[in-house]
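Encoded as structure tokens, the structure appears first; notes follow it.
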Amino acid sequence: MMIWVSAAVAIVGAAWAVFTRSTRSAGLALWVCGLGVGGGMLSMGLEFVAITQWILSTLSVLGFSYFAVLLGEEPQEGSRGIYWKSKLAPLGIGVMFCALVWFAVGDVPENPKSPAAGISEIGRMVVTEHLVSLEVLGIAFLVVVIGAGVLSRSEVTRKESS
Amino acid sequence: MMVAVALTLMGFGCVAVMTRRSFLGVVVGLQLLSYSLAWMFVSAGKAVEKGHVIAMLVLLSGLAQLACGLAIAARVFLIKKTSSMRGLEELKR
């Protein structure tokens, strides 16, 4: 049952992310979608992957909010509707997320059929059978960190604009 | 049915990538594609035990893709003073 609720939350969040105009709303919708996807994973008995999904979704929405303001989408001050929306929307989503986790935990199977569902088994498989994938992912992260630093340098920006 | 949910998320991601004009909107679409892939692999993990591990790797690679996308968006904005996709046309020289 909970897996269908999670799937519905994920699909509604995805639709909201696609059709909203505001970038910050799209980020919030992406967070809702990620929460739903994580709830579905939790319902399938994958606690570790679900928690990873929730952490990544939260990091994503933080990045989107920061960059949306950085790239020029400023909140309109003095608007009462936006004030209440900014306070009540995250609160309501947080309460719904807690309720989703509360009910989804009850549906988690204690002995998942898949042997790769446990944390230790996932770790063992990553460092044994998928070691090359882990190395490639690590190199990709290194390149992304260095590349993001290079792209954001003010010297490069000034040189390009002149 | 779980595959249908993943395909729905993938469809929304494709629509966002193709229709969004701002670069951050495209990054949102790419994140939706990443989520749909993770859901697909987790659903397949019921039968194929490696699916869970691959879903984990897909999620982490999605984070790298997000960081890269946000860095490019910041660069385009700093150079062109816009977050539109049109700023990308002159990024490659």
Options B:Leu91, B:Leu24, B:Leu59, B:Leu32: the member that is modelled with pLDDT under 85 and within 7 Å of chain A (Cβ to nearest Cβ): B:Leu24
Tally of residues being buried (at least 17 other Cβ atoms within 10 Å of the Cβ), within 10 Å of the chain's Cα centre (by Cα) and under 21 Å from B:Ala73 (Cα atoms) across the range B:1-24: 3
Within the range A:115-162, considering residues that are within 14 Å of B:Met56 (Cβ to Cβ) and at pLDDT below 70, the one farthest from the other protein chains (Cβ to nearest Cβ): A:Gly118
Tally, over the range B:66-85, of residues that are touching a residue at least 24 places away in the same chain (Cβ under 8 Å) and of a type in the set (Val, Ile, Thr): 2
Residues located in the range B:48-82, provided they are of a type in the set (Val, Ile, Thr) and in a helix (DSSP H, G or I): B:Val53, B:Ile54, B:Val58, B:Ile72, B:Val76, B:Ile79
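In the set B:Val53, B:Val17, which member is more than 8 Å from chain A (Cβ to nearest Cβ) and without any contact (Cβ under 8 Å) to a residue 60 or more places away in the chain? Spell out the reasoning first.
Values: B:Val53 fails: more than 8 Å from chain A (Cβ to nearest Cβ).
The conditions single out B:Val17.
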Residue that is farthest from the chain's Cα centre (by Cα), among those in the range A:1-58 that are in contact (Cβ under 8 Å) with a residue 24 or more places away in the chain, surrounded by fewer than 20 Cβ atoms within 10 Å (Cβ to Cβ) and part of a loop (DSSP other than H, G, I, E, B): A:Met1
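Which members of the range A:132-153 meet the condition of being part of a helix (DSSP H, G or I) and within 14 Å of B:Ala74 (Cβ to Cβ)? Reasoning before the result, please.
The initial filter retains those residues of the range A:132-153 that are part of a helix (DSSP H, G or I), namely A:132-151.
Within the range A:132-153, A:Val144, A:Gly147, A:Ala148, A:Gly149, A:Val150, A:Leu151 qualify.
The values are calculated or read from the model by the stated rules, or taken from the named source; none is laboratory data. Bear in mind the structure is a predicted one, so any value in this text is a computation, not a measurement. Cβ sites come from the backbone with ideal geometry, for glycine too, and all protein chains shown count toward neighbours.
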